[in-house]
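So the structure is just underneath, and the comments pick up after that.
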Amino acid sequence: FKVYRGIAAGVVGFARNAEIVSCSNSGTLSQNASSNSPHKGGIAGWLMNSEVKNCVAKCDVYAATSGGNGQQAGGILSIARGGGVKITGCSYYGNVTVQNSGTPLYGGVVAVAEADTVIDDCKFGGQVNGVEVSTNNVESLAVGNGLGTISNITLWNGTL
């Protein structure tokens, strides 16, 4: 994986006004991948006014940085910024992990969302920063910073 401004992802690092549809990633964004970049997503790194639809990521996502900056790791998306981001019908299975320094944010679907981010009909499973995802916590672990409209989030065991 190549890193652009500290952002790495399984399919697209940065996009604005894009549709990312029916893609998949099974390559791990591990501790050694991409020089330990601080922002990683299983499908996308940073999106603005874009949609991720019907995509599947079965991989581990690990974000770290050697400085004191925060890290963001998301099963599908690391950062939604600039408004208008939608994540619909996507699936993630694996381990989302961040190095515990700075201000880490992590989510089974999205690490950092905005108030107008829409996350609908998604499923995920595995672990989110060491916590096993279950039916009791799947919704609370979906988005790292707790923003956005979240609906129809379910637990997934990774079986297609």
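Annotation: the antiparallel percentage among DSSP beta bridges lying fully within the stretch 43-145 is about 5. About its Cα centre, the chain has a charge dipole of approximately 420 debye under the convention of +1 per Lys or Arg Cβ and -1 per Asp or Glu Cβ, with nothing else charged. For Rg and Dmax of the Cα atoms in Å, the value calculated from this model appears in (1) 13.4, 39; (2) 23.4, 75; (3) 26.4, 87 under label (1). Each Cα pair under 8 Å and six or more residues apart adds its separation to the average, and for the chain the resulting relative contact order is 19 percent. Taken along the Cα-to-beta-carbon direction at a fixed 7 Å, the label points for A18 and D121 span 2.3 nm.
Any read-out appearing in this document is the output of simple, stated calculations on the displayed coordinates, not a laboratory observation. Since the model is a prediction, treat every value here as computed from it, not as a measurement. Reconstructed Cβ throughout: ideal geometry from the backbone, glycine too, with neighbour counts over all protein chains shown.
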